[in-house]
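Q: My questions will all concern the structure given below.
Rule-based calculations on the coordinates, nothing more; no lab input. The shown structure was predicted, so the numbers you read here are calculated from the model rather than taken from an experiment. Don't worry about glycine lacking a Cβ; one is built from the backbone with ideal geometry, like all the others, and counts go over all protein chains shown.
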């Protein structure tokens with residue numbers, strides 16, 4: 001790695017994909033279509049006729065069928081984005097294998113190992129780079145879409161030693177143009193991380209909402225911002241929560257075991273000695289680490305034959321990509337990375 | 001109970017306490033002093049000289065010692081508010097017993113049974129009405145005080161069959177003037193409720209913060225609003241969290257057992273059958289009940305010999321007090337109460 005500022009003399013910007021084909025127009029897909037439309041040609045598709053009509057009424061190009069969407073994607077060399085719930089991917093990939101077997105392909109699912117396996121089995125020649133924009137709200141549906149949803153969000157882009165960096169850089173360039181921090185990661189590392197910081201929060205929120213409601217009307221009437229904030233994601237549609245949690249089962253069980261261990265020990269300590277010391281101090285320190293996560297990151301430029309390894313090291317250390325320049329063997333990546341002092 | 005709108009012809013407003021003496025000038029005490037100062041004479045005190053100086057510099061009357069504060073409170077017939085951490089109450093009540101044994105007295109602690117027992121043992125002749133404004137942030141200290149903190153918040157006011165309604169109504173009138181919804185409750189019902197909707201969220205937030213941090217730099221860099229919101233209260237000072245959770249040990253252990261049961265069953269179901277159906281749907285329904293808690297409340301007027309029972313019924317049903325009129329046997333209470341249709 002080479003430390004230093006981005007090279008301002010660089011004239012060859014890394015290109016966006018020629019076009020975008022968004023399959024699924026819910027919160028994420030609908031936001032992506034809206035955000036990308038000013039930058040490149042976008043075609044959308046949804047299995048719901050009402051959603052297709054709503055997107056058309058808002059001025060977006062929408063295909064009548066997934067086959068038509070994929071045929072157009074092949075013609076335009078579009079990046080196809082699987083943006084529907086992960087439980088629908090198998091049937092979508094069946095269509096991709098038939099109509100666009102060599103397409104540029106990404107997805108926005110919150111699990112990456114299972115999707116990568118499905119893609120490699122069903123569409124082995126697709127130019128697939130898994131993605132996961134860490135943006136969302138409890139809302140869902142086309143109408144909830146927001147073109148600024150990705151601004152400031154982390155957008156995980158998956159790399160393996162076999163990834164074609166041209167495919168990766170096209171996806172990364174798009175995510176950067178939408179304002180995201182691009183985080184390179186291996187699929188398994190991603191799944192373990194999101195089990196802890198996204199799927200586990202859903203499980204705890206769902207449990208907390210129930211324990212609160214079991215306290216009856218008085219408990220609910222006293223609930224203030226700590227309860228409201230901690231149960232907010234329990235408002236997410238249950239089928240969406242199940243789709244992401246159940247698909248990431250192995251990593252989530254590990255995270256649940258860690259949580260059950262900590263809570264169980266705290267319960268035992270409180271009941272026996274009356275003290276919550278260990279959890280109170282450990283949790284407070286951990287929250288401090290979260291709040292300080294963006295401090296100590298320094299700009300640096302990555303390039304060279306081992307660029308994939310360098311990119312994965314940046315993501316694993318809590319860093320992220322901020323810019324791209326050049327192409328092919330000349331690809332240079334600007335990143336922010338924690339420099340040990 | 002008599003259903004119907006408040007009586008607009010009533011001319012005798014229920015009076016505020018003649019003065020206020022706030023012992024402890026942290027987030028809650030400091031906010032209370034600021035909010036009440038336009039309404040009645042307020043004297044504050046803090047064990048910290050720096051805090052006393054800061055409050056004086058902001059134009060507030062501050063006693064040099066707790067003895068001086070209590071002597072002035074007796075002279076002014078002030079309502080004395082214990083607004084310091086609950087772990088300090090024993091030493092404060094020792095001073096109250098010596099210098100103001102018959103004072104009007106309330107507190108703002110998030111546990112009510114233990115405090116009521118301590119008060120009845122140490123200051124048995126005090127005119128005590130336990131209180132708990134359900135307002136707070138992760139911030140603490142005089143500088144964090146905010147006169148609008150109580151606006152729209154629930155303010156629990158404790159009642160027993162022995163409560164003097166004149167003492168209760170003076171506290172309730174103050175809370176109403178500060179914009180709070182006044183929720184009458186028995187101390188034990190309060191403690192059970194807040195274990196579920198306030199203390200348990202702290203424990204879960206502390207555990208989640210640790211499980212997230214155990215995922216390393218990648219996990220923390222991917223954490224988005226669901227993790228940030230769900231761990232927010234882990235930023236609270238550990239000694240304050242311990243003070244409230246450990247003082248409400250029995251009710252919190254019950255709530256923890258309910259949570260551990262739900263999470264443990266969900267973990268088992270996910271690991272064995274791969275399904276999170278039950279928790280996902282149950283938690284979503286429970287969150288819906290929380291979001292709908294304010295619907296279906298209708299205004300009504302309470303009065304009569306069994307007013308204490310009526311008030312407790314309102315609080316237990318998720319209702320709250322919105323206004324007071326009259327005095328003594330003529331005390332009339334406007335409330336919002338869920339009317340079964």
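Q: Take the Cα atoms of chain B, find their three principal axes, and give me the spread along each one in whole Å, biggest first.
A: 67, 54, 34
Q: Additional query: Report the Rg/Rh value for the stretch B:58-101, based on alpha-carbon coordinates and the Kirkwood definition of Rh. Provide the component values of the computation, followed by the final result.
A: Working: Rg = 10.7 Å, Rh = 11.1 Å.
Ratio of gyration radius to Kirkwood radius for the stretch B:58-101: 0.96.
Q: List the distances, in nm to one decimal, from the label point of residue A:329 to the label points of the same position in every other copy, shortest first, placing each label point 7 Å from Cα along the Cα-to-Cβ direction.
A: Distances to the matching label points in the other copies: 10.2 nm.
Q: I've got another one for you. In µm²/s, what is D for the stretch B:87-153 at 4 °C and 1.567 mPa s, where D = kT/(6 pi eta Rh) by Stokes-Einstein and Rh is the Kirkwood radius from Cα pairs?
A: Calculated translational D: 98 µm²/s.
Q: Another question, then. So what is the orientation-averaged projected area of the stretch B:70-123, using the convex hull of its C-alpha atoms, in nm²? List each step's numbers first, then the result.
A: Working: hull surface 13.0 nm².
Dividing the Cα hull surface by four gives the mean projection, 3.2 nm².
Q: With only alpha-carbon pairs counted, each pair once and no self-pairs, how large is the Kirkwood hydrodynamic radius of the stretch B:226-271 in angstroms? Don't skip to the answer; put the middle values down first.
A: Values: mean 1/r = 0.0797 Å⁻¹.
For the stretch B:226-271, inverting the mean 1/r across all distinct Cα pairs yields 12.5 Å.
Q: Same structure again: What share of all Cα pairs of the stretch B:33-155, in percent, falls into each consecutive 5 Å distance bin?
A: In whole percents, the pair-distance histogram is 2, 10, 20, 24, 22, 16, 5, 0.
Q: In addition: Can you give me the angle between helix A:249-272 and the longest principal axis of chain A, using Cα atoms only, in degrees from 0 to 90, rounded to the nearest 10?
A: Tilt of helix A:249-272: around 20 degrees.
Q: Under the convention of a label 7 Å out along Cα→Cβ, give the distances in nm from residue A:214 to the same position in every other copy, shortest first.
A: Listed shortest first, these distances are 2.3 nm.
Q: Could you tell me how far the Cα centroid of the stretch A:23-58 sits from the Cα centroid of the stretch B:298-341, in Å?
A: The distance from the Cα centre of the stretch B:298-341 to that of the stretch A:23-58 comes to 52 Å.
Q: Could you tell me, in Å, what Rg and Dmax come out for the Cα atoms of the stretch A:259-341?
A: Cα-based Rg and Dmax for the stretch A:259-341 come out at 20.3, 63 Å.
Q: To the nearest whole number, what is the average tally of beta carbon atoms from other chains within 10 Å of the beta carbons of peptide B:242-248? Walk me through the numbers on the way to the answer.
A: Details: counts 8, 2, 1, 7, 8, 1, 1.
Across B:242-248, the average partner-chain Cβ count within 10 Å equals 4.
Q: How far, in nm to one decimal, is residue B:299 from itself in the other copies if the label point is set 7 angstrom along Cα toward Cβ? Shortest first, please.
A: For residue B:299, the other copies' label points sit at 6.1 nm, shortest first.
Q: Hey, how many Å between the Cα centroid of the stretch B:69-85 and the Cα centroid of the stretch B:145-196?
A: If you average the Cα positions of each part, the centres end up 18 Å apart.
Q: Across 5 Å bins from the origin, how do the percents of Cα pairs in the stretch A:8-101 run, short distances first?
A: 3, 14, 25, 25, 17, 8, 4, 3, 2, 0
Q: Determine how many Å³ per residue the convex hull of the Cα atoms of the stretch A:154-256 encloses.
A: Each residue corresponds to 123 Å³ of Cα convex hull volume.
Q: Give me the inter-chain shielding for A:262-273: mean count of other chain Cβ atoms within 10 Å, whole number please. Intermediate values should be presented prior to the final figure.
A: Details: counts 9, 12, 5, 1, 6, 8, 2, 1, 10, 6, 0, 1.
Rounded to a whole number, the mean comes out at 5.
Q: Further question: In degrees between 0 and 90, to the nearest 10, how far off the longest principal axis of chain A does helix A:27-36 point, with axes built from Cα atoms?
A: Computed tilt is about 40 degrees.
Q: On to the next question. What number do you get for the stretch A:214-301 when its Cα radius of gyration is normalised by 2.2 N^0.38 Å, N = residues? Walk me through the intermediate numbers first.
A: Values: Rg = 17.8 Å, N = 88, 2.2 N^0.38 = 12.1 Å.
Here the answer is 1.48, to two decimals.
Q: Using the Kirkwood formula on the Cα atoms of the stretch A:254-299, what hydrodynamic radius do you get, in angstrom to one decimal?
A: Numbers: mean 1/r = 0.0813 Å⁻¹.
Result for the stretch A:254-299 stands at 12.3 Å.
Q: Whole Å is fine, so just give me how far the alpha carbon centre of the stretch A:256-272 lies from that of the stretch B:259-294.
A: 19 Å
Q: Relative contact order, percent, of chain B when contacts are C-alpha pairs under 8 Å separated by at least 6 residues?
A: Details: 588 pairs, mean separation 67.0, N = 341.
Computed over chain B, the figure is 20 percent.
Q: Going by alpha carbons, how many degrees (0 to 90, nearest 10) lie between the helix axis of A:307-316 and the longest principal axis of chain A?
A: Once rounded, the angle reads 20 degrees.
Q: With N residues in the protein assembly as shown, what two-decimal value do you get for its Cα radius of gyration over 2.2 N^0.38 Å?
A: Values: Rg = 29.1 Å, N = 682, 2.2 N^0.38 = 26.3 Å.
Against the empirical 2.2 N^0.38 Å value, I get 1.11 for the protein assembly as shown.
Q: GNM, chain A, Cα, under 10 Å: largest mean-square fluctuation among A:199, A:284, A:94?
A: A:284
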